[in-house]
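Participant: I am attaching a structure below and will ask some questions about it afterwards.
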Amino acid sequence: MGETARISLDVIAGLTARTVARGTPADAWPIDAPSLVDGALRAGVEALEQVLRTEGCATAVLPADIDDHVLTVAAWNLVSAISRPVPQYDTGELVYPVEVRSGESGSSHYSASKAAGGFHTDGSLLAQPPAIGVLLCLSPADSGGETILVDAERIQQALVEADPAFLELLGQPQPFAAEDDAGDVRQWAPVLSTRDGTVGLRYLRRYLAAGWERAGRSAPGRLADAFDVIDAVAADPGAQRWHPLQRGEVLFWRNSRYAHGRRAFEEHTQRRRLVRIYGADDPARLAHRTG
Ligand SMILES: O=C(O)CCC(=O)C(=O)O
Ligand SMILES: [Fe+2]
C-alpha cells in the first residue's frame, strides 16, 4: 500500500508565530486555533486537511533544522489549526512523548516500549477516542521503527470472509480496561461499527482482555478468534501503509479508520523520539482560518 502523501510546509515560518513557553506543562498548551496570516501557509494547511479528509491520513513535512521545542510548537500549531487538541489521559496531557523509557520496555505502555506490532487505535480507554491521531518525529531510530497504518475497511473485509458472525459479535459493546490500574471497566463500546458508510474501529487487545477480566466474566467464545483475524490482517505487509518518519515529519490519521502500530527498530547512535498529539474534529477551525 506504500506511504501516504507528503505535504511540504518546509519554507513556512508562520507556524511558529504562536509561541509556547519552554517548560509549559503538558496539560497547559494553548488549545485555541492559531491565526495563520500567511496565505501560503493557509494553502499548505488546507492541502493537508484535504488529503486527510479524502485519504484518512497525511504527512506534513516541517523544517528539521529548528530545535525540538520550536519544532514541537510548530506541529502543535499545525494540529490546532485543523482540529481541537484533546487530553490523552485522565491526567490531562495534551502533548506526550513516545520513546523507549528504561525499565518500562516490558510494561503495558506501548508508547514507552520497543515492541513491534501491537496494532491498536488510540484513546480506547477514553469516553471519546480522538478523531485524529498525530505523531511528530523528533528523531528516528537508527533503523526500522516505521509507523504503520492498516485500513479498518480491510480489517472488516477479512472478518466477513473469515466468519460473517464476527461483525455482529464485534458490534456488541465490549469492555475496555487498563491492566495496570486498579479501576473498573473504563468503557463499554463496540470494537467495529459502521456509521454513514464509514467503518470505525476501537481496538487494543490487551485492554479488551483486561476489560473482560475486570467485568468478572469470561469473554464470548469466539472473540479471541475475531481478534486473531484483526491481528493477522494488521501484520500482513500487503495491508500496511508504512511511514518511515524523519525528523520534522508529522503523521496525521483518522484514528477510527486505521489500526496503527510500528515495525521493530534499533537504537545505537540515536534514540527514536516521537511526540503524540490527539485532535477532535472542530469545523469552526476552518472558519477561523479563512475568515
Ligand atoms: O511508535 C509508534 O510509531 C506508534 C506509537 C503509538 O501508537 C502510541 O504511542 O500510541
Ligand atoms: Fe497509538
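Participant: With θ taken as phi - 60° and the coefficients 6.51, -1.76 and 1.60, list the Karplus ³J(HN,Hα) couplings across segment 246-256 in order, rounded to whole Hz; mark glycine and proline as x.
Facilitator: 9, 3, x, 8, 10, 8, 10, 8, 6, 4, 7
Participant: Which residues in segment 186-228 have a backbone N closer than 16 Å to a point placed 7 Å from the Cα of D236 along the Cα-to-Cβ line?
Facilitator: 226-228
Participant: Near the amide H of V98, under 5 Å away, which other amide H atoms are found, from residues 5 or more places off or on another chain, if H is placed in the peptide plane?
Facilitator: L274, V275, R276
Participant: Please compute the length gained on full extension between V160 and R222, using 0.36 nm multiplied by the number of residues separating them and subtracting their Cα-Cα distance. List each step's numbers first, then the result.
Facilitator: Numbers: separation 62, 0.36 × 62 = 22.32 nm, distance 1.38 nm.
Extra length from V160 to R222 when fully extended: 20.9 nm.
Participant: Based on DSSP H runs of at least 4 residues, each adding -39500 (n - 2.57), what is the mean residue ellipticity at 222 nm of the chain after dividing by all its residues, to the nearest 500 deg cm²/dmol?
Facilitator: Details: 7 runs with 80 residues, N = 291.
Helix-only estimate at 222 nm: -8500 deg cm²/dmol.
Participant: Quick one: order L136, L48 by neighbouring beta-carbon count within 10 Å, fewest to most. Working shown, then result.
Facilitator: Details: L136 27, L48 23.
With the sparsest Cβ surroundings first, the list reads L48, L136.
Participant: If you plug each phi of segment 158-172 into the Karplus form 6.51 cos²θ - 1.76 cosθ + 1.60 with θ = phi - 60°, what whole-Hz ³J(HN,Hα) values come out, in order, with x for Gly and Pro?
Facilitator: My calculation for segment 158-172 gives 5, 5, 4, 5, 6, 5, x, 5, 4, 5, 4, 4, 6, x, 7 Hz in order.
Participant: To the nearest 20 Debye, how big is the dipole of segment 228-278 about its Cα centre, given +1 on the beta carbon of each Lys and Arg and -1 on that of each Asp and Glu?
Facilitator: 360 debye
Participant: How compact is the chain by the rule of thumb for globular proteins, expressed as Cα Rg over 2.2 N^0.38 Å?
Facilitator: 0.99
Participant: Counting only DSSP beta bridges with both residues in the chain, tell me the antiparallel percent, nearest 5. Don't jump to the answer; show the numbers that get you there.
Facilitator: Numbers: 45 of 49 bridges.
About 90 percent, rounded to the nearest 5.
Participant: Hey, another quick one. Mind listing the long-range amide H neighbours of E249? Cut-off is under 5 Å, sequence gap 5 or more, other chains count too, H placed in the peptide plane at 1.01 Å from N.
Facilitator: L62, C137
Participant: If the chain between S102 and A43 were fully stretched, how many nm would it gain, using 0.36 nm times the residue separation less the Cα-Cα distance? All intermediate terms of the calculation are to be shown ahead of the outcome.
Facilitator: On the way: separation 59, 0.36 × 59 = 21.24 nm, distance 4.19 nm.
Contour length minus Cα-Cα distance gives 17.1 nm.
Participant: Roughly how many debye, to the nearest 20, is the charge dipole of the chain about its Cα centre, given +1 on each Lys and Arg Cβ, -1 on each Asp and Glu Cβ, and no other charges?
Facilitator: On the way: 29 positive and 38 negative charges, 62 e Å.
With only Lys, Arg, Asp and Glu charged at Cβ, the dipole is about 300 debye.
Participant: To make sure I understand, if each residue's beta carbon is the centre and we count other beta carbons within 10 Å, what order do F265, F119 fall in, fewest to most?
Facilitator: Values: F265 17, F119 24.
So the ranking, lowest neighbour count to highest, is F265, F119.
Participant: Evaluate E = 1/(1 + (r/R0)^6) for T269 and A26, where r is the Cβ-Cβ distance and R0 equals 25 Å; express this FRET efficiency to the nearest 0.05.
Facilitator: On the way: r = 28 Å, r/R0 = 1.11.
According to the calculation, E is roughly 0.35.
Participant: Kindly put E161, E249 in sequence by how many other C-beta atoms sit within 10 Å of each C-beta, fewest to most. List each step's numbers first, then the result.
Facilitator: Numbers: E161 11, E249 21.
Fewest to most other Cβ atoms nearby, the residues stand as E161, E249.
Participant: Tell me, what HN-Hα J-couplings in whole Hz come from the Karplus equation 6.51 cos²θ - 1.76 cosθ + 1.60 at θ = phi - 60° for each residue of segment 119-130, using x for Gly and Pro?
Facilitator: Karplus values, whole Hz, x for Gly and Pro: 5, 7, 10, 7, x, 6, 8, 7, 4, 10, x, x.
Participant: For segment 214-291, what class follows from the C-alpha gyration tensor (a ≥ b ≥ c being the square roots of its eigenvalues): rounded when a/c is under 1.5, otherwise prolate if a/b is larger than b/c, else oblate?
Facilitator: Details: a/c = 2.21, a/b = 1.29, b/c = 1.72.
In terms of gyration-tensor shape, oblate.
Participant: Considering only C-alpha atoms, what is the centroid distance from segment 210-286 to segment 86-153, in Å?
Facilitator: Cα centres, segment 210-286 to segment 86-153: 7 Å.
Participant: Quick query: amide H of A264 versus all other amide H atoms, modeled in the peptide plane; which residues come in under 5 Å with a sequence gap of 5 or more or a different chain?
Facilitator: Close amide H contacts, sequence-distant or interchain: G117, G145.
Any read-out appearing in this document is the output of simple, stated calculations on the displayed coordinates, not a laboratory observation. Predicted, not measured: the structure shown is a model, and the values here were computed from it. Glycine also receives a Cβ, built like all others from the backbone with ideal geometry; neighbour counts cover every protein chain displayed.
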